[in-house]
Every structure is written in structure tokens, then in C-alpha cells.
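Colleague: Okay, here's the structure, questions in a sec.
The values are calculated or read from the model by the stated rules, or taken from the named source; none is laboratory data. Every value quoted in this text rests on a predicted model; they were computed, and no experiment measured them. Because the Cβ atoms are built from the backbone with ideal geometry, glycine has one as well, and the counts that use them run over all protein chains shown.
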Amino acid sequence: MSAREAVIAALLLLAVVTVALSCTGVLVMRTPLQRLHYLGPLAMVAPVLIGIAVALAHGVYAGAGLKALFIALVLAAFAPVLSHQTGQLADARREP
Amino acid sequence: MNVWLLASAALLLCLVPCTVGVVRGTSADRLVALAAATLVCVLALLTIEQGLERQSFFDLSLAMAVLAIPSTLLFARFYRRWL
């Protein structure tokens, strides 16, 4: 296993652990506002880690690497808006 | 089986808690779990494409990333306003 493959494997492992912890948090937390906090790492950390791994595998300027980094950018850009709207929904539906 | 397919299998396993979250709780709880499931699906698609070495499949996860998050966003707004 070369150094590049080891780095890719480590990035993928970090991404999978991040996703697993976030999904567990989404399931375990009690209120929707608490659950929303776990969407952040899922949308911002894991896609960037996987995007960097793909870019390392193909090269940053290759088509696949650029697309993977663009996917990470799209997810990171939309995640705060999604959290905001879902938080407003949760706040509107909260019992007084 | 390479490291990408192993990662995709682990990511697909992460859909289980999201699915459990989608089928129980209030509407806001379900929407959060749906958003999490969408994000996990995008990431799993990305690793599956890399594991199968089909570069053309990257467009699939790109389309899903561009379409799925705004659709969940629209659903949240619709649900808040009319339901």
C-alpha cells in the first residue's frame, strides 16, 4: 500500500466514522433542534473528506476530482439553509 | 473488494438509523432524518462510483446533490406553510 492509498483509506475511514456518529446522533437525540446539530458534520465534514480522497485518487484537476469537490461545495452551501428551514419548522411545531 | 466499496457498504449501513428516524417521531424529526438519509445517499453514491471505477456515474451523485437538498428544503417550507 503506497502512501497515497494509505491517506485515501484514512480519509475514507474518517468520513465513515463522521457519518456513523452523525446518523446515530440524528436517531438518539430527543428534539428536532438537537437532531439538527448532527446534520452539520454530515453535510460539511464527510463530503469534504470524501472529495479530497477522490481528488487524491484522480488528481485535483481531473474531472472526477473536480466533480467530487463540487459536490462537497454544493452540500456545504445548502446545509445551513436546510438546517435553518428545518429549525423554523421545528420551532413552529413546538408545543407551547 | 477495494477500500471504496468497503466505505460504501459502511455508508449504506448508516442508512439504517436514518430509516428508523424517518418512520417515527414528529414531522420535524422525520424531516431531519430524511435530510440525513439524503446526504448519506449522496456520499454512498460517490464512493460506489469510485469503487466501481465508472467515472460517468459521478454525474449521478452530482445530480442528486444538486436536486435532493433543495427538494428537502422545499418540502420543509411547504410543510411549515400548509400542513
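This table checks each residue for (1) surrounded by fewer than 18 Cβ atoms within 10 Å (Cβ to Cβ); (2) more than 7 Å from every other protein chain (Cβ to nearest Cβ); (3) modelled with pLDDT of 85 or more.
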residue	(1), (2), (3)
A:VAL28	yes, yes, yes
A:GLN34	yes, yes, yes
A:ALA46	no, no, yes
A:GLY51	no, yes, yes
A:VAL60	yes, yes, no
A:ALA79	no, yes, no
A:PRO96	yes, yes, no
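Colleague: Then there is this: Which of (1) free of Cβ contacts under 8 Å to residues at least 40 places away in the same chain; (2) over 13 Å from the mean Cα position of the chain (by Cα); (3) in a helix (DSSP H, G or I) is the odd one out, the single condition A:VAL60 does not satisfy?
Modeller: (3)
Colleague: What single numbered condition from (1) touching a helix residue (DSSP H, G or I) at 6+ places or on another chain (Cβ under 7 Å); (2) more than 9 Å from chain A (Cβ to nearest Cβ) fails to hold for B:SER71?
Modeller: Going through (1) touching a helix residue (DSSP H, G or I) at 6+ places or on another chain (Cβ under 7 Å); (2) more than 9 Å from chain A (Cβ to nearest Cβ) one by one, B:SER71 breaks only (1).
Colleague: Among what's in the stretch B:17-45 and is farther than 19 Å from A:GLY40 by Cα and part of a helix (DSSP H, G or I), pick the residue that is nearest to the chain's Cα centre (by Cα).
Modeller: As a first pass, look at the stretch B:17-45 and keep what is farther than 19 Å from A:GLY40 by Cα: B:20, B:23-27, B:45.
Those left that are additionally part of a helix (DSSP H, G or I): B:20, B:27, B:45.
Values: B:VAL20: 14, B:SER27: 18, B:LEU45: 9 Å.
Here the answer is B:LEU45.
Colleague: If you check B:ASP59 against the conditions, is it at pLDDT below 90, under 22 Å from A:ILE52 (Cβ atoms) and within 10 Å of chain A (Cβ to nearest Cβ)?
Modeller: On the way: at pLDDT below 90: yes; under 22 Å from A:ILE52 (Cβ atoms): yes; within 10 Å of chain A (Cβ to nearest Cβ): yes.
When the stated conditions are applied, B:ASP59 passes them.
Colleague: Now for a separate question. Would you check which residues across the stretch A:1-31 are within 22 Å of B:LEU5 (Cβ to Cβ) and not in a helix (DSSP H, G or I) and list them?
Modeller: Let us first name the residues in the stretch A:1-31 that are within 22 Å of B:LEU5 (Cβ to Cβ), namely A:1-23.
Listed by number, the residues that qualify are A:MET1, A:SER2.
Colleague: Is it fair to say A:GLN34 is assigned to a helix (DSSP H, G or I), closer than 13 Å to B:ALA35 by Cα and without any contact (Cβ under 8 Å) to a residue 24 or more places away in the chain?
Modeller: No; evaluated as a whole, the condition is false for this residue.
Colleague: Which condition from (1) under 26 Å from B:LEU60 (Cα atoms); (2) within 7 Å of chain B (Cβ to nearest Cβ); (3) modelled with pLDDT of 90 or more is the one that A:ALA64 breaks?
Modeller: (3)
Colleague: Continuing with the same structure: Only one residue in B:ALA68, B:ALA37, B:ALA28, B:ALA33 is of a type in the set (Gly, Ala, Ser), farther than 14 Å from A:ALA79 by Cα and out of contact with any strand residue (DSSP E or B) (no Cβ under 8 Å at 6 or more places or on another chain). Which one? If you could, list the steps in order and put the result at the bottom.
Modeller: Numbers: B:ALA68 fails: farther than 14 Å from A:ALA79 by Cα; B:ALA37 fails: farther than 14 Å from A:ALA79 by Cα; B:ALA33 fails: farther than 14 Å from A:ALA79 by Cα.
Just a single option satisfies the conditions, and that option is B:ALA28.
Colleague: Right, here's the next one. Within the stretch B:65-75, is even one residue crowded, with 16+ Cβ neighbours inside 10 Å, at pLDDT 90 or above, out of contact with any Gly (no Cβ under 6 Å at 6 or more places or on another chain) and polar (S, T, N, Q)?
Modeller: No, the conditions are met nowhere in the stretch B:65-75.
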